[in-house]
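**Student:** Handing you a structure now.
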Amino acid sequence: MKHGRTFNFSAGPAMMPEPVLEEIAQEVLNYRESGMSVMEMSHRSKVFTAIYEEAVADLRKLMNIPDNYKVLFVQGGGTVQFAMVPMNLMKNGVACYVDTGSWSGKAIKEAKKYGEVKVVASSEDKNYSYVPDCSDLDIPDNADYVYICENETINGTTFNKLPNTKGHILVSDQSSMFLSKPCNVEDYGLIWAGVQKNVGPAGMAVVIIREDLITDDVPDFTPTYLKYKTHADKDSMYNTPNCWDIYCCGKVFKYLLSLGGLEAVQKLNEEKAAVLYDFLDSSEYFKGSVVKEDRSLMNVPFVSPSADEDAAVVAATKEAGFDNLKGHRSVGGLRASIYNAMPKEGVEALVKFLKDYEASK
Ligand SMILES: *Cc1c(COP(=O)(O)O)cnc(C)c1O
């Protein structure tokens, strides 16, 4: 790694691609002879309008987003979406949620403020170590949508097959897997992702929403800012947007296109994750926490024989120059988050370290 940078295995904020950071560094004082930094720029200026339009166009190209979907940049990070989804989409006051761990739990808790939440499947019985079968869910006819957290960042599971929603709208929190592999946008009514896991700086979410779901038909109490329509009508510039974040995300979109798009990104991610999973599968000392079929390409929780030993391993990795391998406080153990921007060499170096550690036991 250049510039004295460390392999940062954090679940978020996470690493950004080094070539992107270098480009940003070059442009930070004076963006392309505009005489100012993007941080200082009016969101209504010609220069920024071009940055915004290019970011949206590049994301559309990357994900092959159909014309009847809008791309929105909404401030407030991921958590605001837990409220915006039910506020805007619960027309009948009933929604179905699949409970696969911490982040779907938070979404469920928030949605209950706005209507009836039906948990139609859960993996709580086995500590969220798998994704429940969602091929034949009991979905009431009047359900407004079916909600999933497509990749559970803390528990390390991922949906390899989307639920059968029986014609209902699918809403997905893709925060920790956004742009990690191809996505068929038409399968969803709404996709959202907090950007600090796989794209840019924290504090903003990308929302991809089918146009017919953008309506004024929301409860009277809905704050103006929390209506999708407010953002859709004003091209995400109802108020001052986070121009810096949009600029950084746009750079990452372009970078992923330059790698060959999401098929190429998926291939890289699969090769990278295999290095770690193959090691965990062969280790006597470490053990992955998730069943094989449902494990995430992005977040890899694992354990050593005891909590004390987990803590010792975390300390040793830190000493060796790897950062943020401690598992989330709610589940313990260790977790390596290996998002798009984590180089394969980072995972190889970690595995070598863990192998040596095991051999010394
Ligand atoms: C990080 C994360 C969030 C929350 O994002 P914030 O920007 O911190 O609010 C929500 N869902 C998932 C799956 C996440 O990984």
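**Student:** Could you give the size of the charge dipole of the stretch 107-229 about its Cα centre, using +1 on the Cβ of each K and R and -1 on the Cβ of each D and E, expressed in debye and rounded to the nearest 20? Please report the intermediate quantities before stating the final value.
**Tutor:** Numbers: 12 positive and 19 negative charges, 95 e Å.
Charge dipole of the stretch 107-229: 460 debye, to the nearest 20.
**Student:** Next up: Could you work out what % of the accessible surface of the stretch 104-176 is carbon and sulfur, using a 1.4 angstrom probe and leaving DNA, RNA and ligands out of the count?
**Tutor:** Percent of accessible area from carbon and sulfur atoms in the stretch 104-176: 43.
**Student:** Further question: Rounded, prolate or oblate: which one fits the chain, using the alpha carbon gyration tensor with axes a ≥ b ≥ c (rounded when a/c is under 1.5, else prolate when a/b beats b/c, else oblate)?
**Tutor:** Values: a/c = 2.04, a/b = 1.16, b/c = 1.76.
Here the chain falls in the oblate category.
**Student:** Give me the accessible area per residue for the chain, probe 1.4 Å, as a whole number in Å². It would help to have the intermediate numbers written out before the result.
**Tutor:** Numbers: 15800 Å² over 361 residues.
Accessible area per residue: 44 Å².
**Student:** Just how large is the dipole of the stretch 1-156 about the Cα centre, in debye to the nearest 20, putting +1 at every Lys and Arg Cβ and -1 at every Asp and Glu Cβ?
**Tutor:** Charge dipole, the stretch 1-156, about its Cα centre: 460 debye, nearest 20.
**Student:** Of Ile209, Ala83, Thr165, which is farthest towards the positive pole of the chain's charge dipole, taken about the Cα centre with +1 and -1 on the beta-carbons of Lys, Arg and Asp, Glu respectively?
**Tutor:** Comparing the listed Cα positions along the dipole, Ala83 ranks first.
**Student:** Related question: Sum -39500 (n - 2.57) across every DSSP H segment of at least 4 residues in the chain, then divide by the residue count to get the 222 nm mean residue ellipticity, nearest 500. All intermediate terms of the calculation are to be shown ahead of the outcome.
**Tutor:** Details: 9 runs with 122 residues, N = 361.
So the calculated ellipticity at 222 nm is -11000 deg cm²/dmol.
**Student:** State the Cα centre-to-centre distance between the stretch 62-107 and the stretch 278-313 in whole Å.
**Tutor:** Cα centres, the stretch 62-107 to the stretch 278-313: 30 Å.
**Student:** Okay, next question. Over the stretch 36-149, what is the mean sequence separation of C-alpha contacts under 8 Å (at least six apart), divided by residue count, expressed as relative contact order in percent? Don't jump to the answer; show the numbers that get you there.
**Tutor:** Details: 119 pairs, mean separation 28.7, N = 114.
Reported relative contact order: 25 percent.
**Student:** Still on this structure: Listed highest first by mean packing, meaning other Cβ atoms within 10 Å per residue, what order do 121-127, 273-279 come in? Provide the component values of the computation, followed by the final result.
**Tutor:** Values: 121-127: 14.6, 273-279: 17.6.
Highest-to-lowest ranking by the protection proxy: 273-279, 121-127.
**Student:** Same structure, new question: Starting from the Cα gyration tensor of the stretch 78-161, take the square roots of the eigenvalues, sort them a ≥ b ≥ c, and report rounded, prolate or oblate (rounded when a/c is under 1.5, otherwise prolate if a/b is larger than b/c, else oblate). Walk me through the numbers before you get to the answer.
**Tutor:** Working: a/c = 2.10, a/b = 1.36, b/c = 1.55.
Verdict is oblate for the stretch 78-161.
**Student:** If you restrict to DSSP beta bridges whose two residues both lie in the chain, what percentage is antiparallel, to the nearest 5? Mind dumping the intermediate values first?
**Tutor:** Working: 22 of 40 bridges.
Roughly 55 percent of the beta bridges in the chain run antiparallel, per DSSP.
**Student:** Any chance you could look up the accessible area of Thr230 with a 1.4 Å probe, heavy atoms only, rounded to 10 Å²?
**Tutor:** For Thr230, solvent-accessible area is about 20 Å².
**Student:** Also, quick follow-up: For the charge dipole of the chain, defined by +1 on Lys and Arg C-beta atoms and -1 on Asp and Glu C-beta atoms about the Cα centroid, which residue among Gly194, Ala25, Met298 has the Cα displaced farthest towards the positive pole?
**Tutor:** Ala25
**Student:** Let me ask you something else. Under 1.5 on a/c is rounded, so check that first for the stretch 144-274, then, if it is not, pick prolate when a/b is larger than b/c and oblate when it is not; a ≥ b ≥ c are the square roots of the alpha carbon gyration tensor eigenvalues. Could the numbers behind the result be given before it?
**Tutor:** Working: a/c = 2.06, a/b = 1.27, b/c = 1.62.
Judged from the Cα gyration tensor, the stretch 144-274 comes out oblate (a/c at least 1.5, b/c at or above a/b).
**Student:** Ok, one more. For the pair Ala359 and Lys109, how long in nm is the line joining their label points, each one 7 Å along Cα→Cβ?
**Tutor:** The two pseudo-label positions are separated by 4.5 nm.
**Student:** Further, regarding this structure: Determine the order of Phe353, Phe286 by accessible area, beginning with the largest, at a probe radius of 1.4 Å.
**Tutor:** Working: Phe353 50, Phe286 5 Å².
In descending accessible area the options line up as Phe353, Phe286.
**Student:** Also: Any chance you could run the full-extension gain for Glu186 through Asn164? It's 0.36 nm times the residue separation minus the Cα-Cα distance, nm to one decimal. It would help to have the intermediate numbers written out before the result.
**Tutor:** On the way: separation 22, 0.36 × 22 = 7.92 nm, distance 1.39 nm.
Taking Glu186 through Asn164 to full extension adds about 6.5 nm, to one decimal.
**Student:** Peptides 42-49, 298-305: what's the order by average Cβ count within 10 Å, highest mean first?
**Tutor:** Details: 42-49: 13.5, 298-305: 23.0.
Ranked by mean Cβ neighbours within 10 Å, highest first: 298-305, 42-49.
**Student:** Shifting gears a bit: Give me the dipole magnitude in Debye, nearest 20, for the chain about the Cα centre, with unit charges on the beta carbon: positive for Lys and Arg, negative for Asp and Glu. Spell out each step's value before the answer.
**Tutor:** On the way: 38 positive and 50 negative charges, 112 e Å.
I would put it at about 540 debye.
**Student:** Taking 0.36 nm per intervening residue step and subtracting the Cα-Cα distance, what contour gain separates His43 from Lys61 on full extension?
**Tutor:** Numbers: separation 18, 0.36 × 18 = 6.48 nm, distance 2.32 nm.
Difference between extended and current length: 4.2 nm.
**Student:** Please compute the modelled spin-label separation between Thr79 and Ala202, points set 7 Å along Cα→Cβ, answer in nm with one decimal.
**Tutor:** Going by the 7 Å Cα→Cβ label model, 0.9 nm.
The values are calculated or read from the model by the stated rules, or taken from the named source; none is laboratory data. Just so we're clear, the structure is a prediction, and the values are computed from it rather than from any experiment. All Cβ positions, glycine included, derive from the backbone under ideal geometry; neighbour counts span all protein chains shown. These area figures cover heavy atoms from the full protein model, side chains too; ligands, DNA and RNA do not enter into them. Shrake-Rupley method; radii C 1.70, N 1.55, O 1.52, S 1.80 Å.
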